[in-house]
Amino acid sequence: MPQPLQPKRILVVPLRYIGDTILTVPLVRNLRLLFPEAHIDMLTSKTTASLMEPCPYLNQVLIEPKSTPERLKLLRENRYDTVFLLRKSASFAFMCQLAGIANRVGYDKQRFPFGYKRWGWFLSHKARYPGLKTDVPQPISHLSLLSAAGLSIQNNDLELWATDADQQKVTDLLSEHGIHAEKPLAVLHAASASHGKQIEMGKFADSLRQLHEQGFQVLATGISADRPLYDALQAQTGLPLVNLAGQTSLRETFALYQRTQLLLTVDSSPIHMGAAAGIPNIVGVFGPTNERQWGPHNPKTNFQPVFMDLPCRPCYAKVCEHNNCKVLLSGSQIAKAVSEALTTRPD
């Protein structure tokens, strides 16, 4: 085991996507517990920065500059002695070395112009990146970077934060749409910015009917571009669906999830946001990705994954000849998982 680090200025660099940033929180919290006096920053995309601003474990949330010279300047000016690089990026690791960051902790599987290699160039400490069929949840894999740096793991809980203003905005929205606190809430998040994770919206029709039959008030979340998709689903079923797509910020969406009893979502950031919010029932619909790796990380969550059990799955191929993991998946499979979630839901 390597000699434990004693960092004073730490930078955490997650992937730029919302869900990946959420999955970084257990690592950040462990660093704060281990080094209460250290200065800890996170480098995020402009999209995810607001989500991490209330984080009590960070000194500063920095928005990543677009150009390489600007990134290098930021790294040098902040004089970090340690970086935890959760991206599989040889170029970023090299940039950290150029910036004089002595301790560069990351994964051994890095992206090069000519493909992936298990070399871990430019890193001082490295952990093995999990394989496609891993049973290890991704937040736990991220925590393995602590072990690679000779550090102990205190806990692995997922968490997020919403401000009082975020909570009030949600209260006002629910009131505006006639949502009553005495009836349970279900949220549908059936759209994804990733083409590989997108499931045909019509396949959620049976589940929408089922939720209404069980007395749920059903809301939809997403971005503004998702609104027509939910409007079409509502027209197809003739059932009420409160379309909040584009009406809530990331933190406000989290505040809404804190009031939700069931979440039905594709494999995307809402799964992790819902786990952090403690939603008791989550039905996750997966295409090519690994539901064991990317499912909700919360032992109290009643998780019902939906996926096609195919020999080619899981995969992360950018181009697929058939997309059977999504094409063959049926609406009845999704509805069955919703039924199982409702049958086994906690009190």
Residue set SER207, SER141, SER192, SER152; condition surrounded by fewer than 18 Cβ atoms within 10 Å (Cβ to Cβ), among the small types (Gly, Ala, Ser) and at negative phi; output residue SER152
Would you check if there is a residue in region 55-70 being more than 23 Å from VAL28 (Cβ to Cβ), at pLDDT 95 or above and among the hydrophobic types (A, V, I, L, M, F, W, C)?
no
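Table: residues versus (1) more than 20 Å from the chain's Cα centre (by Cα); (2) among the small types (Gly, Ala, Ser); (3) over 30 Å from ARG128 (Cβ atoms); (4) not assigned by TED's automatic domain parsing to the domain that holds THR21.
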site: GLN168; (1), (2), (3), (4): yes, no, yes, yes
site: ALA191; (1), (2), (3), (4): no, yes, yes, yes
site: LEU211; (1), (2), (3), (4): yes, no, yes, yes
site: GLN217; (1), (2), (3), (4): yes, no, yes, yes
site: THR221; (1), (2), (3), (4): no, no, yes, yes
site: LEU229; (1), (2), (3), (4): yes, no, yes, yes
site: ALA232; (1), (2), (3), (4): yes, yes, yes, yes
Would you call GLY274 under 30 Å from LYS133 (Cα atoms), touching a helix residue (DSSP H, G or I) at 6+ places or on another chain (Cβ under 9 Å) and in the same structural domain as ASN323 (by TED's automatic domain parsing)?
yes
Matching residues in region 1-18 - criterion: being modelled with pLDDT of 95 or more and either within 19 Å of GLY106 (Cβ to Cβ) or buried (at least 23 other Cβ atoms within 10 Å of the Cβ) (or both):
PRO7, ARG9, ILE10, LEU11, VAL12, VAL13, PRO14
Region 277-299: number of residues that are part of a helix (DSSP H, G or I) and either under 22 Å from GLU200 (Cα atoms) or of a type outside the set (D, E, K, R) (or both):
4
What is the residue count in region 300-325 for residues that are touching an Asp or Glu at 6+ places or on another chain (Cβ under 9 Å), assigned to a loop (DSSP other than H, G, I, E, B) and within 18 Å of GLU340 (Cβ to Cβ)?
1
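For (1) over 17 Å from LEU188 (Cα atoms); (2) in contact with a Pro (Cβ under 9 Å, 6 or more places away or on another chain); (3) in the same structural domain as CYS55 (by TED's automatic domain parsing); (4) crowded, with 21+ Cβ neighbours inside 10 Å, each residue gets a yes or a no:
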| position | (1), (2), (3), (4) |
| --- | --- |
| TYR257 | no, yes, no, yes |
| PRO280 | no, yes, no, no |
| GLU291 | yes, yes, no, no |
| ASN302 | no, yes, no, no |
| HIS322 | yes, no, no, no |
| GLN333 | no, no, no, no |
| VAL338 | no, no, no, yes |
Can you confirm whether region 225-240 contains a residue that is at positive phi and either buried (at least 21 other Cβ atoms within 10 Å of the Cβ) or not hydroxyl-bearing (Ser, Thr, Tyr) (or both)?
yes
Taking the conditions exactly as written (among the charged types (D, E, K, R) and more than 25 Å from VAL170 (Cβ to Cβ)), does ARG227 satisfy them or not?
no
Per-region count, region 183-195, residues modelled with pLDDT of 85 or more and part of a loop (DSSP other than H, G, I, E, B)
4
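The values are calculated or read from the model by the stated rules, or taken from the named source; none is laboratory data. This one's a predicted model, so the numbers in the text were calculated from it and none came from an experiment. In this analysis, Cβ positions are derived from the backbone assuming ideal geometry, glycine residues included, and neighbour counts consider all displayed protein chains.
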